[in-house]
Structure formats: C-alpha cells, structure tokens
1. From the backbone phi of region 169-185, what are the Karplus-calculated ³J(HN,Hα) couplings (6.51 cos²θ - 1.76 cosθ + 1.60, θ = phi - 60°) in whole Hz, Gly and Pro given as x?
2. Using a Gaussian network model on the chain with a 10 Å cutoff between Cα atoms, which of Leu241, Leu226, Leu95 fluctuates the most?
3. By how many nm would the segment from Glu6 to Ala83 lengthen if fully extended, with 0.36 nm per residue of separation less the alpha-carbon distance?
4. Net charge near Ala121: determine it from the other residues with C-beta under 15 Å of the C-beta of Ala121, scoring Lys and Arg +1 and Asp and Glu -1.
5. Which of the following values of Rg/Rh (Cα atoms, Kirkwood Rh) was calculated from the structure shown: (1) 1.02; (2) 0.98; (3) 0.93?
6. For region 166-253, what % of the accessible area comes from carbon and sulfur atoms, probe 1.4 Å?
7. Loop only per DSSP, at most 15 neighbouring Cβ atoms within 10 Å: give me the GluC sites (Glu not before Pro) in region 1-46, ordered by residue number.
8. Which residues' amide hydrogens lie under 5 Å from the amide hydrogen of Val217, considering only partners 5 or more residues apart or on another chain, with H built in the peptide plane?
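The values are calculated or read from the model by the stated rules, or taken from the named source; none is laboratory data. The shown structure was predicted, so the numbers you read here are calculated from the model rather than taken from an experiment. Neighbour counts run over all protein chains shown; Cβ positions are idealised from the backbone, glycine included. Heavy atoms of the whole protein, side chains included, go into the accessibility calculation; ligands, DNA and RNA do not. Shrake-Rupley method; radii C 1.70, N 1.55, O 1.52, S 1.80 Å.
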Amino acid sequence: MEKTLEFADLLRLMDERSTAFRAAVAAAPSLDVRVPTCPEWTLFDLVQHLGEGRRKWAAIVAAGPADAPPAISAPVPPREREALLAWFAASTGELLAALREAGPDRGCWTWWGPSQSPQTAGAVARHQLQQVAVHTYDAQVAVGAPQPLPDEVALDGVDEFLTTCVATTAAWPHKPAVIDYHATEGRSWRLWFSADGARTARLSAPVAGEGPEAAYVSARGTANELVMFFYGRIPMDLLRLDGDRRVFDQLIAWEPEE
C-alpha cells in the first residue's frame, strides 16, 4: 500500500503550487476579477485569504504544542499587484521556514483534534498543501485557465481530506453507513459511519459489491475530481455514483459537533 507524501515532498509541492498561484494572479487583467469558485471574493480577496493563512499557520507551527493558536497580527496586504505578490511570496516563505525548523513530528495546535490526522507540523504541511493547491485552481478558474491538480497532490489530497476533514469521534446521526471512494488512478478509500463517529482507511484493493462490508454508495472519478468534489468545486453528478446517493446527501449536510 502506498505511503503518504514525505515531508520534504509536501514542502516542495507547497512551494510549486504557491508559484503557480502567483503566476495565475499575475496573468489576471485586474485584482478585481471575481473568483467563480469563491463567489464572494475577488482575486485580491483570494490572495489576502491565502497569504494571511500562511502567516497564521507559520505562527502556530513555530509556537509548538499548545491548547490554542497564538494571537498574531499579520501586516495589511498591499493593493498594488507586484507588491501583493511579493507579500504573498513572503507569507509562503514564513510557513515553509517554520515547517522546516519544526520538522514533521513536532506537535502544535490544530483544529482537527478529533480526526485521524495527528496534531503535528507534518499534518499541518499536508493540509496546507491542499489549501494552496485548491486555491491555485480557484485563481486559475478566475483567469480562464484552470488546470487539474498534479497527480501526487490530488492522490494525497483524497486521503488527507478524509482523515482530517471527515474522520471524527462525533456520533453519526443516521443509520450506520459505508462509503467508498475510487480514484481512477488505482487507489480506493472507505469511510465507516456509526454512533462512534466516522473513520476511514485506504483499501488495498477494490471491494466486491456484496456482503456485510459492501459500501452503501460509492463514487468514482480521477483523484483531482474527488478532491474538487470534496471542496465543493464540482458537483457530485460529475462523479460516477453507485448505490444509495442519499447517504452522500446526509454526509454533505452533516455538521458534527464535539
């Protein structure tokens, strides 16, 4: 079974996606261009959101183990494009430097305590790679040049989203359910939902559609399509669905509270 991306690869890919993000912003006719996948935002808003997030997580990682995130005051991003891109590059540099200094195993505060992801700098790097990757897609959509996520980013993104954003110890409020996700690149994942919460695991091979462990519903697409569905960038109907899709509707509507 394939391992998740190594820490050095996460940092490399984060830097690469950040470069692609800046290129998309640089190609826009104006920073006032609307972002269709983030309807409330202009391109400036998107840069501000992502840059401030880099600085916030840099401070969180640098602070080490904690019960709450540190208070920070990020500098106001400039409105002029060249200066804004330099501000964003510096924001990315802060996060990468903090992650390199901490290493993958150092603890830090995270919002995903009840999930299957550890509260470590390595897990932060993994999640922040997905944040910059998806927002790079948003920026590319805004300038009319969307590109799929690189395969290694997308494949890790499916696994990262399920372990960080879906797995939880909060009780599932419906009948127990099983959901499978299949990437056409050859990887599959399973989610189990019950009164004990939600847990996930990567499957070593696709599971037959019969028996007590058969999935109630499954979704198949490229890893990029699965990630984009998870983050609400494409509708569910663009995936191949098999089984009772009402389980997906329940999952999408679920807002677990600890």
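1. With the stated coefficients, region 169-185 comes to 9, 5, 5, 6, x, 10, 4, x, 9, 10, 10, 10, 10, 10, 8, 5, 6 Hz.
2. Ranking Leu241, Leu226, Leu95 by mean-square fluctuation puts Leu241 first.
3. The span from Glu6 to Ala83 would gain 24.5 nm if fully extended.
4. -1
5. (2)
6. Here it works out to 52 percent.
7. Glu2, Glu6, Glu40
8. Under 5 Å from the amide H of Val217: Val178, Asp180, Asp244.
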